[in-house]
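The values are calculated or read from the model by the stated rules, or taken from the named source; none is laboratory data. Remember, predicted model here, so these are calculated numbers, not experimental data. A quick note on method: Cβ atoms are made from the backbone with ideal geometry, for glycine too, and the neighbour counts reach across all protein chains shown. Note: areas computed on protein heavy atoms with side chains; ligands, DNA, RNA excluded. Shrake-Rupley method; radii C 1.70, N 1.55, O 1.52, S 1.80 Å.
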Amino acid sequence: ADGLPNYRIMTVPQHGTISFRGKTFSHMNSRQVAEMGVARTFQNLALFKGMSVLDNIMTGRNLKMKTNLFQQALRWGAAEREEIEQRAYVERIIDFLEIQPYRKTPVGRLLYGLQKRVDLGRALAMEPTVLLLDEPMAGMSPVESEAVVALLKQLKGSCTILLVEHDMDVVERFADRVAVWSQGRIVALGPPAEVLADHAVQRD
């Protein structure tokens, strides 16, 4: 509109680098990120609502597939054996997340809290070494949140978890280290109890 500043919307980083496992990158695409062992969940769910729970989580196994799309479509020979193997892996994730009764249910029919578990399951299917969780407790009841925290605690030994979360009770019960951002800068960094007692954090 006339008279308004001409703001430039930044859709990609304009400068800087990313360092991971001894390597530095100026840019990378989503496939490279996944191949490096980084998986994420979304605050705003991006699931395939018409597909079953099992099939949604199976999409997280795409990078593990060795056969091509044509072979997978035919489901013959090596492709069939591979699919059976990958589905067995996904079934173990479904068991871990305690969503066995819904494995064949279209995701769009599930309650929001269950959909969040499916989103987590899809990320776990990628066998991440780093798991990025964007507000995984958003929209959950206290009971649902408590159950997810218990699941995440079981994952601590298998991957590094970076959690973005505004529920301080969840942060205090789960995190080993906490970083608090305000106005684009870190105002506190350290153990949860120490950070939550920080005057700058309480003020902001």
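Accessible surface calculations at 1.4 Å, restricted to protein heavy atoms, place the chain at 65 Å² per residue.
Evaluating 6.51 cos²θ - 1.76 cosθ + 1.60 at θ = phi - 60° for every residue in the range 165-177, the Karplus couplings come out as 8, 9, 7, 5, 5, 5, 4, 5, 7, 10, 6, 8, 9 Hz, glycine and proline recorded as x. In this structure, the amide hydrogen of THR105, modeled 1.01 Å from its nitrogen in the peptide plane, lies closer than 5 angstrom to those of VAL53, LEU54, counting only residues at least 5 positions away or on a different chain.
Taking Cα centre as origin and charging only the Cβ of basic (Lys, Arg, +1) and acidic (Asp, Glu, -1) residues, the dipole magnitude of the range 93-157 rounds to 200 debye.
Largest GNM mean-square fluctuation among HIS166, HIS27, HIS15, using the chain with Cα springs under 10 Å: HIS15. Think of the chain as a dipole: +1 on every Lys or Arg Cβ, -1 on every Asp or Glu Cβ, centred on the Cα centre; then among LEU189, ALA88, LEU155, ALA88 lies furthest on the positive end. For the range 108-204, the set of trypsin sites (Lys or Arg not before Pro) satisfying both a DSSP loop assignment and a count of at most 10 other C-beta atoms within 10 Å is given as ARG177. Comparing GLY157, GLY50, GLY108 in a Gaussian network model of the chain where C-alpha atoms under 10 Å apart are linked, the largest mean-square fluctuation is found at GLY157. Overall, the accessible surface of the chain at a probe of 1.4 angstrom is composed of carbon and sulfur to the extent of 54 percent.
For volume of the Cα convex hull per residue in Å³, the value computed from the atomic coordinates appears in the list (1) 197; (2) 103; (3) 148 under label (1).
For the cross-link pairs LYS64/LYS116; LYS23/LYS49; LYS23/LYS156; LYS116/LYS156, the ones whose C-alpha atoms lie over 26 Å apart are LYS23/LYS49.
Under 5 Å from the amide H of THR160 lie the amide H atoms of VAL130, LEU131, each residue being 5 or more positions distant or on a separate chain, with H modelled from the backbone and absent for Pro and chain starts. Within the listed set MET58, MET28, MET168, the residue fluctuating most in the Gaussian network model of the chain (springs between alpha-carbon atoms under 10 angstrom) is MET28. The angle separating the long axis of helix 142-155 from the principal Cα axis of greatest extent in the chain is about 70 degrees.
Relative to the Cα centre, the charge distribution of the chain, modelled as +1 at Lys and Arg Cβ and -1 at Asp and Glu Cβ, gives a dipole magnitude of about 740 debye.
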